[in-house]
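Okay, structure first, notes after.
None of the figures in this text is laboratory data; all of them are computed from the coordinates on show. A quick note: this is a predicted structure, and the numbers were derived from the prediction, not measured. Reconstructed Cβ throughout: ideal geometry from the backbone, glycine too, with neighbour counts over all protein chains shown.
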Amino acid sequence: MEESVLNQLINLGLTRNEALAYLTLAQDADAEGLTGYEVAARSGIPRSAVYTVLRRLEQSGAAFAIGDEPARYVPTRPDQLIDTMRRGTLSRLTTLGDALKALPKRVMPEPIWILSRYDEVMVRAAEMIRGATRSVWLSAWPRELHRLGPALGLLPADLHLVLHTPTPADAPPTGFSVWADDAPANTKAGWAHKLLLVIDRREALLGGAEPEADNQAVWTTNPSLVDVATNHLILDVTLLAARQGRDCAAVVAPMMMPHLAPAEPCADLNTDLATQGAPG
């Protein structure tokens with residue numbers, strides 16, 4: 001008896017005794033089939049177990065019984081057996097696939113990367129800007145704007161572009177709605193450089209931007225942190241608009257959640273900002 005064929009049947013789900021019984025039946029030239037006694041004698045299956053094995057072959061469609069007293073067993077043709085096995089396997093795989101799809105999904109946290117070196121922060125910011133497709137919202141000092149200039153200069157005009165800078169830049173990037181802080185220079189002398197960047201409202205970079213410091217800037221796609229970064233920018237622009245007497249409604253509205261987008265001038269945004277959770 002071919003051991004390799006026996007193992008292949010076992011790999012397809014038959015027990016060793018079931019595979020032995022089927023091969024014994026398949027190798028019998030008598031069309032009338034074999035009795036259980038004959039199957040046990042030729043295959044080596046214990047006589048106490050052979051009828052249980054043959055019944056399982058009947059149930060799986062691998063054999064069928066003819067007559068009675070004693071019943072004789074005939075194998076299903078190999079091509080029919082393979083077809084039955086194929087359909088059974090596909091049905092079980094489909095059932096398993098449906099069960100796996102129905103499993104409750106555990107929400108995986110969005111990744112957060114920490115960028116310490118200044119060059120890491122600036123390279124990542126430039127890469128984010130080059131990948132923008134809908135919007136670029138940026139808060140940066142002139143030194144960092146100059147470093148990001150090549151990436152900012154490639155942005156298409158149809159993006160929503162908002163820039164807040166603590167010190168007015170000599171040549172702000174074109175296309176941006178620019179909001180420069182007009183606080184006295186001596187007030188800003190002790191301010192550390194920070195960078196805040198939100199791209200397409202899907203990823204954010206926020207943290208220090210000091211060449212000689214461990215900046216611990218955060219780059220993330222975590223929705224909550226992206227919202228925090230966005231709300232910082234909204235608050236910066238809104239406070240500047242209030243101090244400078246400018247209307248920022250058209251600039252800020254696209255940055256806010258749709259159900260919170262303001263219909264009134266920027267001066268009336270305080271309640272909306274508090275509701276949205278902008279940091280104070």
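Measure nothing but the geometry: give the 0 to 90° angle between the long axis through the Cα atoms of 142-152 and the longest principal axis through the Cα atoms of the chain, rounded to 10°. Taking Cα atoms only, the helix is inclined about 50 degrees. Projecting the Cα atoms of Ser43, Leu14, Thr76 onto the dipole axis of the stretch 3-76, where Lys and Arg carry +1 and Asp and Glu carry -1 at the beta carbon, places Leu14 farthest toward the positive end. Once C-alpha pairs closer than 8 Å and six or more residues apart are averaged by separation and normalised to the residue number of the chain, the relative contact order reads 13 percent.
The length gained by stretching the chain between Ile114 and Asp98 to full extension, at 0.36 nm per residue less their Cα-Cα distance, is 1.8 nm. Considering the stretch 51-177, its Cα convex hull presents a mean projected area of 16.6 nm². For helix 223-244, what angle does its Cα long axis make with the longest principal axis of the chain, in degrees from 0 to 90 and rounded to 10? Compared with the principal axis, the helix lies near 20 degrees.
Dipole magnitude for the chain: about 240 debye, using +1 per Lys or Arg Cβ and -1 per Asp or Glu Cβ, origin at the Cα centre. Can you work out the FRET efficiency for the pair Glu212 and Ala183, with r the C-beta to C-beta distance and R0 = 25 Å, to the nearest 0.05? It comes out at approximately 0.55. Adding -39500 (n - 2.57) for every DSSP H run of four residues or longer, then dividing by how many residues the chain holds, sets the calculated 222 nm ellipticity at -14000 deg cm²/dmol. For the chain, the residue among Val5, Trp219, Ala26 whose Cα projects farthest onto the positive side of the dipole built from Cβ charges is Ala26. Relative to the longest principal axis of the Cα atoms of the chain, the long axis of helix 16-26 lies at roughly 50 degrees. Here is the tail figure for the stretch 112-276: Cα pairs spaced more than 21 Å apart come to 44 percent of all pairs.
Within the straight-line cut-off of under 12 Å between alpha carbons, none of the aspartates and glutamates are reachable from Lys105, sequence neighbours fewer than 8 places apart in one chain being disregarded.
Amide H to amide H distances under 5 Å link Thr76 with Ala63, Phe64, where only residues 5 or more positions off or on other chains count and H is placed in the peptide plane. Between Asp68 and Ala31, full extension at 0.36 nm per residue minus the direct alpha carbon distance yields a gain of 11.7 nm.
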